[in-house]
1. For helix 4-36, report the angle its Cα long axis makes with the longest principal axis of the Cα atoms of the chain; keep it between 0 and 90° and round to the nearest 10°.
2. Mind ranking 44-52, 59-67, 106-114 by how tightly packed they are, going by the mean number of other C-beta atoms within 10 angstrom, highest first?
3. Could you size up the charge dipole of the chain around its Cα centre, putting +1 on the beta carbon of Lys and Arg and -1 on that of Asp and Glu, and report it in debye to the nearest 20?
4. Probe radius 1.4 Å, ligands and nucleic acids ignored: give me the carbon and sulfur share of the accessible area of the chain as a rounded percent.
5. How far is the Cα center of segment 7-35 from the Cα center of segment 89-103, in Å?
6. Could you give each residue of segment 92-107 its phi-based ³J(HN,Hα) in whole Hz, using Karplus coefficients 6.51, -1.76, 1.60 with θ = phi - 60°, and x for Gly or Pro?
7. Might you tell me the accessible area per residue for the chain, computed with a 1.4 Å probe and given in Å²?
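The values are calculated or read from the model by the stated rules, or taken from the named source; none is laboratory data. Note that the coordinates shown come from a computational prediction; the quantities given were computed from them, not determined experimentally. Note that each Cβ is placed from the backbone with ideal geometry, even for glycine, and that neighbours are counted across all protein chains shown. All accessible areas refer to the heavy atoms of the entire protein, side chains included, with ligands and DNA or RNA removed. Shrake-Rupley method; radii C 1.70, N 1.55, O 1.52, S 1.80 Å.
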Amino acid sequence: MNSPQILVALFVLLLAVAIPLATLVVQLFRLMQWMSRGNDPTRGERPHFTGPALALLFSTLAASDFTNYEPLRTIAQINPVPLAARAYFTVTMLVLAVLSWAYAGGLKDRLLRRLGIGRG
């Protein structure tokens, strides 16, 4: 039997991976709907994937130490962070997931404008 702290940590990591994954699935459906409308002026802006995709990446890295399933087991073995600092690594990855969810779209737009690719 696992301690309550471990069960809470596993539940939080499950949510941290499941929420961005569900958001990406919803965004894919929205993209298919957006593409099916053609050049309809009311179709609006294309759905964005940067924030949820980066959040899924960072939360998967955070969950890699706690699960024994592939490919997460291999990711955990490749991780160069020492075992003594893995808790800090997990928290840092979760913080990066939240920050990327909030600011990834703005950072991507700013980078593309500097490269001369983006709008405006």
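1. Relative to the chain, helix 4-36 is tipped by roughly 20 degrees.
2. Most protected by this proxy first, the peptides run 59-67, 44-52, 106-114.
3. Values: 11 positive and 5 negative charges, 102 e Å.
Roughly 480 debye, rounded to the nearest 20.
4. 69
5. Taking the Cα centre of each part, segment 7-35 and segment 89-103 sit 15 Å apart.
6. My calculation for segment 92-107 gives 4, 5, 5, 5, 5, 4, 5, 5, 5, 4, 7, 10, 5, x, x, 5 Hz in order.
7. For the chain, the per-residue accessible area is 72 Å².
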